[in-house]
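Okay, so here's the structure we're looking at.
Read-outs: derived from the displayed coordinates by stated rules, not from any lab. Owing to the predicted nature of the structure, the values given are computational and were not obtained by experimental measurement. Note that each Cβ is placed from the backbone with ideal geometry, even for glycine, and that neighbours are counted across all protein chains shown.
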Amino acid sequence: MRSPIVRTAARAISPFLFLAGLYFATHGFLLPGGGFQGGVLLAAGALLILLTHGREKVIHLEEDIDWFETFGMVVFLGAGLAGIFFGGAFLYNMLPGTPVWCITLDIVIALKVFAGILALFIYLFGLEGVK
Amino acid sequence: MGMDKSWKRFFTLACVLIIIVLIATGLGLDHEDKEDSPVQGFLEENYEEMGADNLVESVLLDLRAYDTFGEVIILYIAIAGVIILGKEMKKANYEKEEVEGKDEGGDDG
């Protein structure tokens, strides 16, 4: 798992996974993809580093991803509640005619799924004592 | 703990029966276009308002936004459970090491 070949390949592939994740997350309203897929790709980029370079390289994100997770949840819930006040229904599209609603929710969902899956793996590896 | 042979036969028979019933139900559904379907109304009225070229995405975030919201909540709750478990077990390990007086391990964090 920790051979130089695997480590170098992971370092080379990981930025492209991040790029693909950002692309899918921000272009979800035009192309196949979306928040979930983009977030999972972002998490896969970080997980490659976690698996090949050890938990220490990613562990400093531990506090941040808890906040990302909560931030994503709060923004999604806030957008839904704002729909009640401005449109009349929960999760109402407040800006008709523009893709702002799609882009915003996609980015929020991508951030949340990225944080969630990364947190899941960091904590699960922590339980097992993987170093 | 092996299963009884008659039970195995019973379960196989039950599975085959369920599969037959499901296939028959699928064949029995009518595939006619429904004028009063909510998707039809969405396509005619709200699809343009979303401003998204991707039909799937606009359905996912407008017509089925509750579904997406539920997915997000499920993920949140699952991860909250894992984080709580992780912190508790880390604390328990730390206390155990303190009691035993070990110095090795537990340096992450």
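Taking Lys and Arg as +1 and Asp and Glu as -1, the other residues whose beta-carbon sits under 15 Å from that of A:Gly87 total -3. Highest mobility in the GNM of chain B, judged by mean-square fluctuation with C-alpha springs under 10 Å and restricted to B:Ile74, B:Ile18, B:Ile84, is found for B:Ile18. For chain B, the longest principal axis of the C-alpha atoms and the axis of helix B:5-28 are separated by about 40°. Computed from backbone phi with θ = phi - 60° and the Karplus coefficients 6.51, -1.76 and 1.60, the 3J(HN,Hα) list for segment A:65-81 is 6, 4, 6, 4, 4, 5, 4, x, 4, 5, 5, 4, 5, x, 5, x, 6 Hz; x is used for glycine and proline.
Across peptide B:75-88, the average count of Cβ atoms from other chains found within 10 Å of a residue's Cβ is 5.
3J(HN,Hα) along segment A:55-61: 6, 5, 6, 10, 5, 6, 7 Hz, from the Karplus curve 6.51 cos²θ - 1.76 cosθ + 1.60 with θ = phi - 60°, whole Hz, x for Gly and Pro. Placing unit charges on the Cβ atoms only, positive for Lys and Arg and negative for Asp and Glu, gives the protein assembly as shown a dipole magnitude near 1120 debye about its Cα centre. Here the simple spin-label model places points 7 Å from the Cα toward Cβ, and for B:Ile23 and B:Leu43 these points are separated by 3.0 nm. Each residue, A:Ala9 and A:Met94, gets one label point 7 Å from its Cα in the Cβ direction; the gap between the two is 4.7 nm.
Loop-located trypsin sites (Lys or Arg not before Pro) across segment A:1-76 with a Cβ neighbour count of 11 or fewer within 10 Å are A:Arg2, with loop assigned by DSSP. Axis of helix B:65-100 versus longest Cα principal axis of chain B: the two differ by about 10°, to the nearest ten degrees. Its Cα gyration tensor gives segment B:55-102 an equivalent ellipsoid; the semi-axes, largest first and in whole Å, are 43, 7, 4. For chain A, find the longest principal axis of its Cα atoms and tell me its angle to the long axis of helix A:100-128, 0 to 90°, nearest 10. Roughly 30 degrees between the two axes. With each label modelled as a point 7 angstrom along the Cα→C-beta vector, the B:Asp53-B:Met89 pair spans 4.6 nm.
For chain A, a Gaussian network of Cα nodes joined below 10 Å ranks A:Ala79, A:Ala43, A:Ala119 by mean-square fluctuation, and the top entry is A:Ala79. GNM on chain B, alpha-carbon springs under 10 angstrom: the most fluctuating residue among B:Leu60, B:Leu75, B:Leu13 is B:Leu13. For chain A, the relative contact order comes to 31 percent (Cα pairs under 8 Å, sequence separation of at least 6).
Net charge near A:Phe24: determine it from the other residues with C-beta under 12 Å of the C-beta of A:Phe24, scoring Lys and Arg +1 and Asp and Glu -1. Around A:Phe24, the charge tally is -2.
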